[in-house]
Amino acid sequence: MSALSGRRVLVTGASGVVAYPVAVELAKANEVFAVARFSDPEQRRSLQRAGAHPISFDLADPDLSPLPESVDVVINYAVLPPTHKDAYEVNAGATGRLARRYRNCEAFVHGSTGSLYAYQGERPLSEDDPYGLHASAENYAASKIAAEFLVKHLSEDYQLPAVIVRIFSFYGPRGGGVTQRIDQIMRGEPVSVYPGVRNVHTPLYQDDYVEKTIAAAGIAKVGAEVVNVGGTEPVTTQEYCRIAGEMLGKEPVFTENSKAWPIWADSTKMVALLGPNKVTVRDGVRLTIESAQNRLNTSHHVIGEPAKV
């Protein structure tokens, strides 16, 4: 996971579920500028202890002067939910501003989403599938589609090597969809699934998504490489919940009322460009449960508690 070393790396969204462990890993061998709003001061202190340089900054602000003047690599994982008033400003607008400011960097890694594909029924989604508005996340998908167009065009205009990482079901001790459902099982709450179809997903555990994110900088190209990043082990929500239930000694209960289409990644291109994954679904679920139980023993922490951004 130390494919990058001796570089100046800007990581946005650095207090979040995905970008925080990326920033921590990169700080072992790079000068890392970790950018977030840091509503929780402990997140800032934690990154500082890891060797990163935390910068409190709201990417809705068009004035980027508080950020470093130049860096070698940008990893843009900042995101706001569609209900936030600044969602388009951050998810799309800030992406363009960052690409413009760091037009001379070696690689611009942009975090996108599998939710921007048009629904294709019960099959994996490949990078060539068309854009669409994913059910229950239409505004989010629209903001991420806008950001992808910005990245692609600015990459051409500035001759900026870029890569667009379309994220599918990242999870780990800090959160994610799988983690949230394990949390529901622990609390004895029903898990929502989409009715009438198999709820297949391709979850990717933290160790693997950190490795893939860092490796993605090495495949950046002018015009922007686009790659799905997700697990290589398709599994239904019911299957991984039953794995968790078996480990926890609890029987999961499901309710068919979800409005979110189940989507999963064709990871063929990812494996070819970034290599195979290392953590199986069963091991990822076990590691997530073990981490939560360790925290519960010391602080009564609830698994899946959202990270404060």
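A short reminder: the numbers here are calculations on the coordinates, not readings from a lab. Small disclaimer: the values here were computed from a predicted structure and weren't measured. Every residue, glycine among them, receives a Cβ derived from its backbone with ideal geometry; neighbour counts consider all protein chains shown.
Taking the range 160-212 as the search range and keeping residues that are among the polar types (S, T, N, Q) and under 17 Å from the mean Cα position of the chain (by Cα), which one is farthest from ALA29 (Cα to Cα)? The qualifying residue farthest from ALA29 (Cα to Cα) is GLN180. Annotation: of all residues in the range 53-74 being among the polar types (S, T, N, Q) and farther than 22 Å from LEU4 by Cβ, the one that is surrounded by the most Cβ atoms within 10 Å (Cβ to Cβ) is SER56. Take the conditions (1) surrounded by fewer than 22 Cβ atoms within 10 Å (Cβ to Cβ); (2) in contact with a Lys or Arg (Cβ under 9 Å, 6 or more places away or on another chain); ASN91 misses just one of them, which is (1).
All of TYR131, TYR88, TYR102, TYR117 fail the test of being among the aromatic types (Phe, Trp, Tyr), closer than 27 Å to LEU160 by Cα, in contact (Cβ under 8 Å) with a residue 24 or more places away in the chain and in contact with a helix residue (DSSP H, G or I) (Cβ under 8 Å, 6 or more places away or on another chain), apart from TYR88.
From the list ALA217, ALA135, ALA146, the one residue that fits, being surrounded by fewer than 23 Cβ atoms within 10 Å (Cβ to Cβ), part of a helix (DSSP H, G or I) and among the hydrophobic types (A, V, I, L, M, F, W, C), is ALA146. For PRO195, the conditions (1) surrounded by fewer than 23 Cβ atoms within 10 Å (Cβ to Cβ); (2) free of Cβ contacts under 8 Å to residues at least 60 places away in the same chain; (3) farther than 19 Å from ASP266 by Cβ; (4) of a type outside the set (Asp, Glu) are fulfilled apart from (2).
Here the range 29-52 is the region considered, the condition is being out of contact with any helix residue (DSSP H, G or I) (no Cβ under 8 Å at 6 or more places or on another chain) and in a strand (DSSP E or B), and the residue that is surrounded by the fewest Cβ atoms within 10 Å (Cβ to Cβ) is GLU31.
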